[in-house]
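First the structure, in the form of structure tokens, and then the observations on it.
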Amino acid sequence: MKITILGCGALGQLWLSRLYRQGHDVQGWLRVPQPFCAVNVIEPEGDSFNRNLPTNDPEHLAQSELLLVTLKAWQVSGAVGALLPKLNPRCAILLLHNGMGTQDELPPNNLPILQGTTTHAARHDGSTIVHVAGGTTHIGPTSPAAQPLSHLAEVLHQALPDVAWHNNIASANWRKLAVNCVINPLTALYDCRNGDLQRYPEQIEAVCREVAGVMEMEGYHTSCEGLMQYIMEVIQSTADNVSSMLQDIRSQRHTEIDYITGYLLRRARSHGVTLPENARLFELIKRKENEYERIGAGLP
Ligand code: KPL
């Protein structure tokens, strides 16, 4: 299959290496074009992949059958929007990022769009990508044209298992959003690893109660207790992780808070509801982010 991967960070390079090894015709797409992408991945079992893969070939892009987007949520609309006119009308777009709401920001189009979440953990170690732990990628259609594309799950599963297809991906996305609404802001505020959040059950419950309320209003049956149990399991299974938001804050990068807690607050507002605990966490993260972004922009 001809595949372009937009975003060659840790997850993008992991997919590039796995899809290439599976015999697919892959290229990376970089914001600042470079002659090639040096892909250097170490797998959990210790074997490594080291190869320069092609990038930014417009002909390859025009013929691609899949655009796999591994950018941060806030980069998606600008980067994908710029590529839309260059894609063939049957090219599927798979958005793989934390948070929700990016698809609403894309220019109107009839392309098959899919969304997904993944629990694979990969991180940079200098110029090497360490695939820390395997996981599951959940994907599914978010536009009518993508509904018949369940075979994509099998193609991706052959390259980087596990991949699960969901006809109703929104439900899986909301569960992941709940996880991110708890773990990401709290670890960023307490500057701690995921596992250390076990010390704050009351705060986790307060966040979960508000998320569960919005999920019910959106038509996804859930309970605060059920969500909390699931999130506690994720906290335990990712106990050693430094969450992506804490990594962003530590490196003074823009965070995905607008698409995580921010998306939740926007949906709550549309139902006429306020969420005091999540609004408080949102403000605290925005304040941290603004501090370094103002300094970076040379503002007083
Ligand atoms: O998705 C994650 C993230 O860090 O963004 C979790 C599930 C919280 C794992 O760290």
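Any read-out appearing in this document is the output of simple, stated calculations on the displayed coordinates, not a laboratory observation. Please read all numbers here as calculations on a predicted model, not as lab measurements. Here the Cβ positions follow ideal geometry from the backbone for every residue, glycine too, while neighbour counts run over all protein chains shown.
In whole Å, what are the extents of the range 121-189 along the principal axes defined by its C-alpha atoms, from largest to smallest?
Sorted from largest, the Cα extents of the range 121-189 read 40, 28, 16 Å.
Which trypsin sites (Lys or Arg not before Pro) in the range 1-75 pass both tests, a DSSP loop state and at most 16 other beta-carbon atoms within 10 Å?
Values: sites: K2, R18, R21, R31, R51, K72; in loops: R31, K72.
Hits after loop and neighbour filter: R31.
How would V211, V32 line up from fewest to most surrounding beta-carbon atoms within 10 angstrom?
V32, V211
Identify all aspartates and glutamates with a Cα-Cα distance to K86 below 16 Å; exclude those on the same chain that are fewer than 8 residues away in sequence.
Qualifying aspartates and glutamates at Cα under 16 Å: D57, E59, E65.
Find the percent of Cα-Cα distances in the chain that exceed 35 Å, and round it to a whole number. Display every interim value, and only then the final one.
Working: 7846 of 44850 pairs.
The proportion of pairs with Cα distances above 35 Å equals 17 percent.
Kindly put V182, V214 in sequence by how many other C-beta atoms sit within 10 Å of each C-beta, fewest to most.
Lowest count first: V214, V182.
List W174, W165 from most exposed to least, where exposure is judged by having the fewest other Cβ atoms within 10 Å.
The most exposed by this proxy come first: W165, W174.
Out of every Cα-Cα pair in the range 1-132, what percent are more than 19 Å apart?
Within the range 1-132, distances greater than 19 Å cover 47 percent of Cα pairs.
Across 5 Å bins from 0, what is the distribution of all Cα-Cα pair distances for the range 158-201, in whole percents?
5, 18, 20, 15, 14, 14, 11, 2
Cα centroid distance between the range 263-300 and the range 20-51, in Å?
Using only Cα atoms to place each centre, the spacing works out to 35 Å.
Which links in K2/K286; K2/K176; K2/K288 stretch past 32 Å when you go from one Cα to the other?
Result: K2/K286; K2/K288 exceed 32 Å.
Over the range 142-214, what relative contact order in percent results from Cα pairs under 8 Å that are six or more residues apart?
Once normalised by length, the contact order is 22 percent.
Quote the convex hull volume per residue of the range 160-263, based on C-alpha atoms, as a whole number of Å³.
116 Å³
May I have the pair-distance distribution P(r) for the range 32-107, computed from all Cα-Cα distances with 10 Å bins from 0 and rounded to whole percent?
Bins of 10 Å from zero give 16, 39, 34, 11, 0 percent of pairs.
So for the range 135-174, averaging the separation of alpha carbon pairs under 8 Å that are six or more residues apart and normalising by length, what relative contact order in percent results? Write out the running numbers ahead of the final one.
Working: 48 pairs, mean separation 21.1, N = 40.
Relative contact order, the range 135-174: 53 percent.
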